[in-house]
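The values are calculated or read from the model by the stated rules, or taken from the named source; none is laboratory data. Treat the numbers as computed from the prediction; the structure is a model and nothing was measured. A quick note on method: Cβ atoms are made from the backbone with ideal geometry, for glycine too, and the neighbour counts reach across all protein chains shown. The area values use the complete protein model at the heavy-atom level, side chains included, leaving out ligands, DNA and RNA. Shrake-Rupley method; radii C 1.70, N 1.55, O 1.52, S 1.80 Å.
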Amino acid sequence: MNRSASRLLILSFSPLRSDPRVLKQINLFRDKYQVLTCGFGPAPDGVAGHFELDRVLPSWPRDPKRLAARRYRQVYWNIAAVAEASRMLRGQHFDAVLANDANTVPLALSLEPVRGVHADLHEFAPKEHFNKPAWRVLVAPYVRWLCRTYLPAVSSVTTVSEGIAEQYQKDFGVDVGVVTNAAPYAELEPRPTGEKIRLIYSSAGQRYRRIEDIIAAMDGVPEDLELDLIVMPNEPEYVDQLRSQAEPRPNVRFRDPVPYTQLVKTISEYDVSISVIPPTNFNLAQALPNKFFEAVQARTALIIGPSPAMQTLLERHGLGAVTEDFTAEGLRAVLQSLTREQIDQWKANADKAADELSSEHQNRAWERAIEALLEPAEA
């Protein structure tokens, strides 16, 4: 097969132009294959074709009667985004499909790509919103059915961390590789820490992340510490509350969000990145998030909570400090103990680890999976 002529569909029910993980896939494969995309919003740069879904279309079930009756196939094919994508893709020919998240897998398989489907699972789907009672009772059994029914039919699977991979293997008996949310390698050098120790926290603006604790941790820290926050307006009312909380604190400021392509450069202006993520659900407990890897490429030091996946990498490479717990008090204790010499050493260690922890290294599992589908003679 002429690999440049192979048609690879990258399918995701997300805004593709702002989805870091999907953009990495597109960038990885667009010069090797004929990459087409299907997802919310306009076409990403460099793709051969795009099937645009309206952002207002729900991509998860809103069908309590059918969910309660366990009429799960009807539930799936009546999800608005699934139904519209199925209509748009009907009759199209694909050699392979890279399906992002569990909710795209049945659709990907229904397209009957010649060489098969690779599933990339960004979360442990059955526990994605397990802290919500209605979701736990109605939707979680549906998602378990979806995984149990369709994951064994795909050719290969990857996910974001070892803990989540192990859970998929344990619950559904499928072999799962790991592709972390690593950022592309950046040609940057560590910047010496100045008179002010500049802290940065970058995150989606969602209540379960307890960003108010990050702000509260700045009470009582040394005067030479300053915190900037870049918070996406996922929950606007919550973000407004955070801004009000920060306003009387002279050492806390908000910055406007920046495009993903500029984020690492922006973070490199700072000395320490904060990545404390309370384990309010299973996926957050197993988190190994974008922000961890963006900090490494930015050559900043890191402060994290005791999240196992992050802690393993941080301690292996000497990238920063781990708080005792996920509280404001735990973060404050670390902030009060910081020294410039320590921070500069952590930055130097980030510089040494930047190549190994870059997406260019981490994404090889995707390359192997797609090559196994589209170039079986060479795999």
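Values as computed for the structure displayed
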{"read-out": "Most mobile of Asn283, Asn363, Asn234 in a GNM of the chain (Cα contacts under 10 Å)", "value": "Asn234"}
{"read-out": "Listed residues Ala328, Ala69, Ala365, most fluctuating in the chain (Gaussian network, C-alpha, under 10 Å)", "value": "Ala69"}
{"read-out": "Residues in the stretch 175-212 reached by a label modelled at Glu223 [backbone nitrogen below 19 Å; 7 Å Cα→Cβ]", "value": "194-199"}
{"read-out": "Helix-only CD estimate at 222 nm, as mean residue ellipticity for the chain, using -39500 (n - 2.57) per DSSP H run (n ≥ 4)", "value": "-10500 deg cm²/dmol"}
{"read-out": "Solvent-accessible area per residue, Å², over the chain with all protein chains present [probe radius 1.4 Å]", "value": "43"}
{"read-out": "FRET efficiency estimate (nearest 0.05) - Cβ-Cβ, Tyr260 to Asp175, R0 41 angstrom", "value": "0.85"}
{"read-out": "Ratio Rg/Rh, restricted to the stretch 228-379 and using Cα atoms, in which Rh is the Kirkwood radius", "value": "1.03"}
{"read-out": "0 to 90° range, to nearest 10: angle between helix 20-29 axis and the chain longest Cα axis", "value": "60"}
{"read-out": "Length added when fully stretched, Arg210-Ala134, from 0.36 nm per residue minus Cα-Cα", "value": "25.2 nm"}
{"read-out": "Among Gln167, Gln342, Pro259 the positive-end extreme of the charge dipole of the chain (Cβ point charges)", "value": "Gln167"}
{"read-out": "12 Å beta-carbon shell around Asp171, net charge (K/R +1, D/E -1)", "value": "+3"}
{"read-out": "Surrounding net charge for Gly41, when Lys and Arg each add one and Asp and Glu each subtract one, Cβ distance under 11 Å", "value": "-1"}
{"read-out": "Overall form of the stretch 159-243 per C-alpha gyration tensor (a/c, 1.5; a/b vs b/c)", "value": "oblate"}
{"read-out": "Ellipsoid equivalent to the chain - semi-axes via the Cα gyration tensor, in Å", "value": "37, 24, 18"}
{"read-out": "Only Lys, Arg (+1) and Asp, Glu (-1) charged, at Cβ; the chain dipole about Cα centre in debye", "value": "1580"}
{"read-out": "The stretch 35-121, accessible surface, carbon-and-sulfur percent (1.4 angstrom probe)", "value": "45"}
{"read-out": "Label point distance in nm, Arg62-Gln92, each placed 7 Å from Cα along Cα→Cβ", "value": "2.4"}
{"read-out": "Karplus-derived HN-Hα couplings along the stretch 32-45 (A = 6.51, B = -1.76, C = 1.60, θ = phi - 60°), whole Hz, x at Gly and Pro", "value": "9, 10, 7, 8, 10, 10, 9, x, 6, x, x, 5, x, 5"}
{"read-out": "Gain in span if fully extended, Met232 to Val114, counting 0.36 nm per residue against the direct Cα distance", "value": "38.5 nm"}
{"read-out": "Principal-axis tilt of helix 162-172 within the chain, Cα atoms, nearest 10 degrees", "value": "30"}
{"read-out": "Low-density loop positions, trypsin sites (Lys or Arg not before Pro), the stretch 1-49 - DSSP coil, at most 16 other Cβ in 10 Å", "value": "Lys32"}
{"read-out": "Heavy atoms of Asp175 accessible to a 1.4 Å probe, total area in Å² rounded to 10", "value": "130"}
